[in-house]
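For reference, the structure discussed in these notes is given below.
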Amino acid sequence: MSEEFLKCQLGFLGNTEGSAYLSQGKSTVSVSVVGPFEPKASKCMYDRATVDVTFRRKTGSITVHDKMLEGIMQSTCEKALVVEQYPRTTIVVTVQEMQDRGNLLSTCLNASCMGLMNSGIAMHHLYAAVSCAVTEKEEIILNPDETQINSSVAYLTLVFANTETRCLLTSHTTGEFSQKTYMDCMDKCYAASKEVFNFYQKVIKKSSIFN
Amino acid sequence: MNSIKKNIQDTYTKEYLALNKRNDGRELMNFRDASLNLNTIHTADGSAVVKIGNTAVVCGIKAELGVPKAEAPDIGYLLVNIELPSLCSKKIRPGIPCDEAMQMTSFLNEVCNNCKILDLQQLCISVDKLVWVLSCDIYCLNYDGSVLDACLIALLSALQTVKIPEVKYDKETEETTVIENYIPLKVNSLPVSSTFGVFNEKYILADPTEEEEQLCVSKLTVVTNGSLIFSLHKPGGEFIKDSQIQNCIKHVNNRAKTICQLIKAAQ
């Protein structure tokens, strides 16, 4: 993963608790985190906070497929946050697509993690998403571009946590592959996720808190 | 679910799990029995009813004529839609389709594309003018966990019962004549989906019931035909280790064989 690949700006929105603007290759996503605040009575849970993720497209309303991506982001975010610490509240994460040139899901997930970090809400762990494409010759391309995704036989997005042992958080796949290929992809994506965590660390160190 | 009720059920289930049993008598990696009934709806072009334990879904397929997309003029449509009505479970409210139904619909459409379930070119009647549109409506009658698995079995077996008549299309007069010569659809592959519930980092339950799904922190769905994997879907939740994934895939492959036999035997 080259230096130029990931770019991030934290706290670029004034009226939110946390925000992040992340570009991964040619795809760009912005995230805002609001909360914890008091929700409507119907959404209120007395022993934990509710997490609400909304995904918005550049234009138009979201499709059924986007709804599935939203569900993936929702459960990944919810698990990372210490929801028991904020009872009777809700945390709203809004993910706005700025430009989609492949790897949208992994960009959204990484951006949401950065946004949550910036908000200062207590988290169990951080997470990093990495996408890879498998070509016909069974080669694995990490962070493929649009043409590579379209010509691939399988396309996987895997999310790992920053734990010492390898733990898979989320997996979303398209196309067909064998069990061995899946395990190979896991190895490669796990190695790449380490670089994403290094990037997180670098961005946080640069941000104003430590200066 | 009410937290107090959940807490009681959680302890109850944990006591069972310590003995490697579940409260319905199954072992951790045992699946429920599936049953299948074909051609139950006579007004549809193909239909199937599937039961897995208490989960019941019905799938009906209607073939209609339509105009193909300009960017793909020689292929027909396969439209899959899952509906979770409020009668199937108490957690679903009447009104607009719930998020879960949308996510399941999207997942099933993705699986159909991944394993190229049908050769869509066989649905073409006249290039750029007329194609078959197969609308597959899946309706959940009883929601008792692993609905997606039942939906996929229902869709596959219903597709195999579809017979489409031969159609003659006159390009100049734009007239269509239907000849009563029915041809069955060719189904390419038999993907089988299996859901696992991750109870905690130690226990993984195969084919969870609704009650178990509520207690589980995350779900893992694997779609395979016995050798190739078409989807390994895990939307967030608790961590899962490599060995657990491999164990799940092993059990899915066995399950795929049983389900394939079931579908083949039903015809």
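The rows are residues; the columns are (1) open to solvent by less than 30 Å² (accessible area, probe 1.4 Å); (2) under 25 Å from B:K51 (Cα atoms); (3) not aromatic (F, W, Y).
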{"site": "B:D207", "(1), (2), (3)": "yes, yes, yes"}
{"site": "B:E210", "(1), (2), (3)": "no, yes, yes"}
{"site": "B:N225", "(1), (2), (3)": "no, yes, yes"}
{"site": "B:H233", "(1), (2), (3)": "yes, yes, yes"}
{"site": "B:G236", "(1), (2), (3)": "yes, no, yes"}
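Residue count for the stretch A:143-168, restricted to those that are free of Cβ contacts under 8 Å to residues at least 24 places away in the same chain and either buried (at least 16 other Cβ atoms within 10 Å of the Cβ) or β-branched (V, I, T) (or both): 5. Residues that are facing another protein chain (nearest Cβ under 9 Å) and open to solvent by 20 Å² or more (accessible area, probe 1.4 Å) were ranked within the stretch A:49-69; the one that is farthest from A:L169 (Cα to Cα) is A:T63. Selection of the stretch B:187-218 for residues being farther than 20 Å from B:A34 by Cβ and touching a Lys or Arg at 6+ places or on another chain (Cβ under 6 Å) yields only B:N188. One residue alone among A:V82, A:V95 is aliphatic (A, V, I, L, M) and buried (at least 21 other Cβ atoms within 10 Å of the Cβ), and that residue is A:V95. Does B:S47 meet the test of being open to solvent by less than 30 Å² (accessible area, probe 1.4 Å), in a loop (DSSP other than H, G, I, E, B), away from chain A (no Cβ under 14 Å) and touching a helix residue (DSSP H, G or I) at 6+ places or on another chain (Cβ under 8 Å)? So B:S47 does not fit the description; no. Hey, among the residues in the stretch B:244-260 that are within 11 Å of another protein chain (Cβ to nearest Cβ) and under 16 Å from B:F199 (Cβ atoms), which one's most open to solvent (accessible area, probe 1.4 Å)? Here the answer is B:Q244. Can you name every residue in the stretch A:125-142 that is more than 18 Å from B:N114 (Cβ to Cβ), within 14 Å of chain B (Cβ to nearest Cβ) and either open to solvent by less than 10 Å² (accessible area, probe 1.4 Å) or modelled with pLDDT under 90 (or both)? Result: A:Y127, A:A128, A:A129.
When the test is whether a residue is at negative phi, of a type in the set (G, A, S) and crowded, with 23+ Cβ neighbours inside 10 Å, A:A41 does not pass it. The residues of the stretch A:169-198 that are within 12 Å of chain B (Cβ to nearest Cβ), among the aromatic types (F, W, Y) and surrounded by fewer than 20 Cβ atoms within 10 Å (Cβ to Cβ) amount to a single one, A:Y190. Checking each residue in the stretch B:51-76 for being under 18 Å from B:Q121 (Cα atoms) and open to solvent by 50 Å² or more (accessible area, probe 1.4 Å) picks out B:K62, B:E64, B:L65, B:V67, B:K69, B:A70, B:E71, B:D74, B:I75.
Every condition in (1) touching a residue at least 12 places away in the same chain (Cβ under 8 Å); (2) of a type in the set (S, T, N, Q); (3) touching a Ser or Thr at 6+ places or on another chain (Cβ under 8 Å) holds for B:T176 except the one numbered (3). Residues considered: B:I183, B:I263. Of these, the only one that is open to solvent by less than 10 Å² (accessible area, probe 1.4 Å), farther than 23 Å from B:T13 by Cα and away from every other protein chain (no Cβ under 13 Å) is B:I263.
Scanning the stretch A:74-92 for residues that are in contact with a Ser or Thr (Cβ under 6 Å, 6 or more places away or on another chain) and within 14 Å of another protein chain (Cβ to nearest Cβ) yields a count of 2.
Scanning the stretch A:149-184 for residues being under 23 Å from B:N225 (Cα atoms), in contact with a helix residue (DSSP H, G or I) (Cβ under 8 Å, 6 or more places away or on another chain) and charged (D, E, K, R) gives a total of 1.
Here is the figure for the stretch B:91-136: residues that are in a loop (DSSP other than H, G, I, E, B), more than 10 Å from every other protein chain (Cβ to nearest Cβ), in contact (Cβ under 8 Å) with a residue 12 or more places away in the chain and in contact with a Ser or Thr (Cβ under 8 Å, 6 or more places away or on another chain) total 2.
The values are calculated or read from the model by the stated rules, or taken from the named source; none is laboratory data. Computed from a predicted model, the values in this text were never measured in an experiment. Cβ sites come from the backbone with ideal geometry, for glycine too, and all protein chains shown count toward neighbours. SASA here: full protein model, heavy atoms, side chains in, ligands and nucleic acids out. Shrake-Rupley method; radii C 1.70, N 1.55, O 1.52, S 1.80 Å.
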